[in-house]
Amino acid sequence: MKLSQKIGSITSTSRLASVFSLVLVIISALLSGCARNIEPISRTGFYFDTVIQITLYDTEDEGILDGCFALAEKYESLFSATKEGSDVWKINHGKGETVTVSEETVKLLIHAADWANTTEGAIDFTIRPVSALWNFGSEGNAQVPDESAIKEALSHVSHENIRFGTAPSDETGESVYRTVTLTDPEAAVDLGFIAKGYIADKMKEYLLSQDVESACISLGGNVLTIGEKPDGSPFRVGIQEPFAKTGKTLDTVEIMDTSVVTSGIYERCFYEDGVLYHHILNTATGYPVENELAGVTIICPSSSKADALSTACLCLGVEKGRKLLDAEKDVAYLLVTRNGTQYASENFP
C-alpha cells in the first residue's frame, strides 16, 4: 500500500473515532439531563383570609411561583369583601349606584347567581349583610349578633337584588358585562363560597401555560393538583376528622390532575353558652345551618364547582345534598355527619 493510502486510511479511522466519541458525549449528556433530579420548589402566603401554598415539582423557575402569587394578589383585589378598593368592596359600598368592575368579577357573580338558583337560595352570594354581623374570620372576634339586627340584615338578602350591564372591555373595546347594580342600597355580596375554587382553577390554567406538568395548589381547604408526582405516583390529600383537636386525619385520598375541596362546620366556629355557632349560614334564618352534616369533601376536576358544591351540600343536609351531588357525573363525595356516620359515593377513591 502506498504511503498516501495509509495516511488516508488512518485519517478516515481517526475521523470515525472522533464522530463516535462525540455521539457518546451527546448521549451521555442527554441521559444525565434526563436523570437529573429536580427539587420541588414551594411558597406559602396569606390571602383570602387563609394560608395558601403552591408547590411545583418539575421546574426550578421561581418566576413561575411569582406569577402564581401575582394572581393571588390580583384576585384578592377583585373578590375580597373586606379589602378596601376591591371590586366587591366597591359594589358593596355603591349604595345602589351602578359600579363598573372587571369582566372576571361579573363573570364570577353571574356564576354565583346560577348556584343560588340551582340551590333555590340555600346558598346566596348576597348573604354579606348577615355574615358581616357574625364577623367570622381570622381575627377571632366572632359573636352572636342581636336578633333584631339579623332580622334587619336578612331583609336585604336576595340574589334577585343584582343587575348586570355592559360596558366596553379594557382589552378589546367590545361591549361586555362589566357593570353591577344592587337594586337594594343596603344589599351586599360575598363570593367566599366559590372564589377560592375559581382562583385555584385560574392558577392551574396559568401553570399549564408555563409548561408545568406536576404541581399542587393548596388554598386552605381547596387542593388542586396538576398531573402526578414526577415518579408517577399520585398526590395524597388528607381529610380532617371533624372537631378533632389535633387535626386528626379521617381519611387520605390519592388523586391525580383533579381537585379536592373540604368544607366543614368545624372550620370557623365558636361556642357560646354551650352552643356551637359556625360560619355556614342559613339564608332563611340568618343563623348557622342546623342539620346532621359536619363536613363535606368533594372531588371534581373543577375546583370552583367543588367549592360551590361543598357549601351547597352543607346547607342542604344529607338527603337533599346527596340528590344534588348524585346528579353530577364528574363528582365524587364523602359526607360526614356530626355523630361520625359517613356517606360516600360509589366512585369515591
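The values are calculated or read from the model by the stated rules, or taken from the named source; none is laboratory data. From a predicted model like this one, the values you see are computed outputs, not experimental measurements. Heads up, the Cβs are rebuilt from the backbone with ideal geometry, glycines too, and the neighbour counts pull from every protein chain shown. Keep in mind that these areas ignore ligands, DNA and RNA; they rest on the heavy atoms of the full protein, side chains included. Shrake-Rupley method; radii C 1.70, N 1.55, O 1.52, S 1.80 Å.
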**OP:** Would you check if there is a residue in segment 338-349 being open to solvent by 50 Å² or more (accessible area, probe 1.4 Å), of a type in the set (Phe, Trp, Tyr) and free of Cβ contacts under 8 Å to residues at least 12 places away in the same chain?
**Re:** no
Subject >> Filter result (open to solvent by 10 Å² or more (accessible area, probe 1.4 Å) and under 16 Å from residue 237 (Cα atoms)) within segment 277-302 >> reply: 299, 301
Original post:
With respect to residue 42, is the statement that it is farther than 30 Å from residue 186 by Cβ, of a type in the set (S, T, N, Q) and modelled with pLDDT under 95 true?
Top reply: no
**OP:** Kindly indicate whether residue 118 is under 22 Å from the mean Cα position of the chain (by Cα), within 20 Å of residue 280 (Cβ to Cβ) and hydroxyl-bearing (Ser, Thr, Tyr).
**Re:** yes
Original post:
Is there a residue being open to solvent by less than 50 Å² (accessible area, probe 1.4 Å), of a type in the set (Ser, Thr, Tyr) and assigned to a loop (DSSP other than H, G, I, E, B) anywhere in segment 114-123?
Top reply: yes
Original post:
Among (1) in contact (Cβ under 8 Å) with a residue 40 or more places away in the chain; (2) open to solvent by 40 Å² or more (accessible area, probe 1.4 Å), where does residue 165 come up short?
Top reply: (2)
**OP:** Specify which of the listed residues (236, 163) is basic (Lys, Arg) and either touching a Cys at 6+ places or on another chain (Cβ under 6 Å) or under 16 Å from residue 57 (Cα atoms) (or both).
**Re:** 236
Original post:
Right, residue 212: of a type in the set (A, V, I, L, M), open to solvent by less than 40 Å² (accessible area, probe 1.4 Å), part of a loop (DSSP other than H, G, I, E, B) and within 19 Å of residue 44 (Cα to Cα) or not?
Top reply: yes
Subject >> The lone exception for residue 196 - which of (1) surrounded by fewer than 23 Cβ atoms within 10 Å (Cβ to Cβ); (2) closer than 19 Å to residue 263 by Cβ; (3) in contact with a Phe, Trp or Tyr (Cβ under 7 Å, 6 or more places away or on another chain) it fails >> reply: (1)
Original post:
Consider residue 267 against the criteria (1) more than 27 Å from residue 81 (Cα to Cα); (2) open to solvent by 70 Å² or more (accessible area, probe 1.4 Å); (3) not basic (Lys, Arg): it satisfies all of them except one. Which criterion is unmet?
Top reply: (1)
Original post:
Of all residues in segment 320-337 being within 21 Å of the chain's Cα centre (by Cα) and free of Cβ contacts under 8 Å to residues at least 40 places away in the same chain, which is surrounded by the fewest Cβ atoms within 10 Å (Cβ to Cβ)?
Top reply: 329
**OP:** Within segment 34-83, work out how many residues are surrounded by 15 or more Cβ atoms within 10 Å (Cβ to Cβ), in a helix (DSSP H, G or I) and among the hydrophobic types (A, V, I, L, M, F, W, C).
**Re:** 8
**OP:** Starting from segment 84-106, keep only residues that are open to solvent by 80 Å² or more (accessible area, probe 1.4 Å), then list their pairs with residues that are assigned to a helix (DSSP H, G or I) and modelled with pLDDT of 95 or more whose Cβ atoms are within a distance under 6 Å, requiring at least 6 positions of separation or different chains.
**Re:** none
**OP:** Collect the residues in segment 160-203 that are hydrophobic (A, V, I, L, M, F, W, C) and assigned to a loop (DSSP other than H, G, I, E, B), keeping them in residue-number order.
**Re:** 187, 188, 189, 191, 193, 194
Original post:
Among the residues of segment 131-145, is any closer than 23 Å to residue 102 by Cα, under 26 Å from the mean Cα position of the chain (by Cα) and open to solvent by 70 Å² or more (accessible area, probe 1.4 Å)?
Top reply: no
